[in-house]
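**Student:** Sharing a structure here in structure tokens format.
The values are calculated or read from the model by the stated rules, or taken from the named source; none is laboratory data. Remember, it's a predicted structure, so these values are computed and weren't measured experimentally. Note: ideal-geometry Cβ built from the backbone for every residue, glycine included; neighbour counts use all protein chains shown.
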Amino acid sequence: MNDVALRLTVNGQPREGRCAPRKLLVDFLREDLALTGTHVGCEHGICGACTILVNGEAARSCLMLAVQADGAELVTIEGLMRDGVLHPLQEAFREHHGLQCGFCTPGMLMTALDLLHVKPEPTEADVREGLSAVLCRCTGYHGILKAVQAAAPRMVTAAHQGRNA
Ligand code: FES
Ligand code: FES
């Protein structure tokens, strides 16, 4: 089948490409746009490693075709850091040891970002429920929970100050 053209915005930058109609969005990001920060785990929508933001909402890029993202605005893990400064969530993960091998981390961060956009002042139960969508084989989740709870008020402050949140 012939390749199809698509145009989209990724991390604030206009991007375009051509790919097979059946190509997964996660493969398009990694192979065509060289954005390899988004990881591929199960390819079945279970592990959450491939989570990105699509039009502002968390989505599993292994469950979308690239062509379905035509015209969309995407944010990947590469879009979190700005001007050499870590995003408050990244900084909190660093401080609270929210990662070990790091395989789940991109999906965990993007899922947490969506959670904190929807619930800027989450309870611990909210964080537990929100992050239950992403599997981590290493950390036991304690550091991740602490990191997201620590990041929440910092993101509110950053948003009020017009900084990266
Ligand atoms: S790779 Fe997409 S959910 Fe596991
Ligand atoms: S840090 Fe290794 S899978 Fe989460």
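**Student:** Under 9 Å by Cβ, and 6 or more places apart or on different chains, what pairs join a residue from segment 137-164 that is of a type in the set (K, R) with one that is surrounded by 13 or more Cβ atoms within 10 Å (Cβ to Cβ) and in a helix (DSSP H, G or I)?
**Tutor:** Filtered contacts from segment 137-164: K146/A92; K146/E95; R154/P88; R154/L89; R154/E91; R154/A92; R163/P88.
Conditions (1) out of contact with any Asp or Glu (no Cβ under 9 Å at 6 or more places or on another chain); (2) within 16 Å of ligand 1 (Cβ to nearest atom); (3) not in a helix (DSSP H, G or I), marked per residue:
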site: A125; (1), (2), (3): yes, no, no
site: G140; (1), (2), (3): yes, no, yes
site: K146; (1), (2), (3): no, no, no
site: P153; (1), (2), (3): no, no, no
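**Student:** Still on this model: Which one of A151, A92, A112, A69 is under 30 Å from N2 (Cβ atoms), crowded, with 22+ Cβ neighbours inside 10 Å and at pLDDT 95 or above?
**Tutor:** It is A69.
**Student:** Considering G98, G56, which residue is away from ligand 1 (no atom under 16 Å from the Cβ) and not assigned by TED's automatic domain parsing to the domain that holds L131?
**Tutor:** G56
**Student:** Kindly establish whether A133 is under 19 Å from C47 (Cα atoms), touching a residue at least 60 places away in the same chain (Cβ under 8 Å), small (G, A, S) and buried (at least 17 other Cβ atoms within 10 Å of the Cβ).
**Tutor:** Yes, satisfied.
**Student:** Also, quick follow-up: Determine, yes or no, whether V75 is β-branched (V, I, T) and touching a residue at least 60 places away in the same chain (Cβ under 8 Å). Reasoning before the result, please.
**Tutor:** Working: β-branched (V, I, T): yes; touching a residue at least 60 places away in the same chain (Cβ under 8 Å): yes.
Spelling it out, V75 is indeed β-branched (V, I, T) and touching a residue at least 60 places away in the same chain (Cβ under 8 Å).
**Student:** Same structure, new question: Looking only at segment 4-47, count every residue that is in contact (Cβ under 8 Å) with a residue 60 or more places away in the chain, surrounded by fewer than 15 Cβ atoms within 10 Å (Cβ to Cβ) and within 14 Å of ligand 1 (Cβ to nearest atom) and tell me the total.
**Tutor:** So the count comes out to 1.
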